[in-house]
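Engineer: Let me begin by handing over the structure; questions about it come next.
The values are calculated or read from the model by the stated rules, or taken from the named source; none is laboratory data. Source: prediction; values computed, not measured. Don't worry about glycine lacking a Cβ; one is built from the backbone with ideal geometry, like all the others, and counts go over all protein chains shown. Accessible surface is based on the protein model in full, side chains and every heavy atom, while ligands, DNA and RNA are left aside. Shrake-Rupley method; radii C 1.70, N 1.55, O 1.52, S 1.80 Å.
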Amino acid sequence: VQLQASGGGLVQTGGSLRLSCAASGRTFSSYGVGWFRQAPGKEREFVAAISWRSISSTYYSNYVKGRFTISGNNAKNTVYLQMNSLKPEDTAVYYCAATQKSFPRWAFDEYDYWGQGTQVTVSS
């Protein structure tokens, strides 16, 4: 499966962005999909994930819980990350990833397929 992440940009503190992760080649039907982010000089960290087998099963890091929402659209084979109340510390390159391993998975090295990343910058 090929993943295409989009939707990043520059936003002020308190603003919102919606990231998209579109799949091609195969459907998401047997995958778990996660969003990760990596800030300069830091390790890639888990942000949120959704199980495509059970679209209601979602998972969030404590840093974003209550501010970010992950969702999926079966018809469009796309996963979204709605980011509200953005903070400067949310600034990073955001990546979507997919895995066919049992779900949930929290570590980036447990995901097999990756999108190219999209930059999110939150100004103070």
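Engineer: Go through region 67-94 and count every residue that is touching a Cys at 6+ places or on another chain (Cβ under 7 Å) and surrounded by 22 or more Cβ atoms within 10 Å (Cβ to Cβ).
Structural biologist: Result for region 67-94: 1.
Engineer: Go through 85, 56 for me and flag whichever is within 17 Å of residue 18 (Cα to Cα), more than 15 Å from the chain's Cα centre (by Cα) and either part of a loop (DSSP other than H, G, I, E, B) or touching a residue at least 60 places away in the same chain (Cβ under 8 Å) (or both).
Structural biologist: 85
Engineer: Identify, from the list 47, 11, 64, the residue that is under 14 Å from the mean Cα position of the chain (by Cα), assigned to a strand (DSSP E or B), closer than 14 Å to residue 89 by Cα and in contact (Cβ under 8 Å) with a residue 24 or more places away in the chain.
Structural biologist: None of the others qualify; the one that does is 47.
Engineer: Another one. Filter region 19-44 for residues that are open to solvent by less than 20 Å² (accessible area, probe 1.4 Å) and assigned to a loop (DSSP other than H, G, I, E, B) and give the result.
Structural biologist: Across region 19-44, the qualifying residues are 28, 31.
Engineer: Hey, another quick one. Take region 88-110 and flag every residue that is among the hydroxyl-bearing types (Ser, Thr, Tyr), modelled with pLDDT of 95 or more and either outside any loop (DSSP other than H, G, I, E, B) or closer than 11 Å to residue 49 by Cα (or both).
Structural biologist: Correct list: 94, 95.
Engineer: Find all pairs meeting these conditions: Cβ atoms under 7 angstrom apart; at least six residues apart or on different chains; first residue within region 95-110 and surrounded by fewer than 16 Cβ atoms within 10 Å (Cβ to Cβ); second residue of a type in the set (Gly, Ala, Ser).
Structural biologist: The qualifying pairs are 100/30.
Engineer: How many residues are at pLDDT below 95 and farther than 15 Å from residue 111 by Cα when one looks only at region 23-40?
Structural biologist: Residues that pass the stated criteria total 6.
Engineer: A further question follows. What number of residues within region 59-82 are over 15 Å from residue 23 (Cα atoms) and of a type in the set (Lys, Arg)?
Structural biologist: 2
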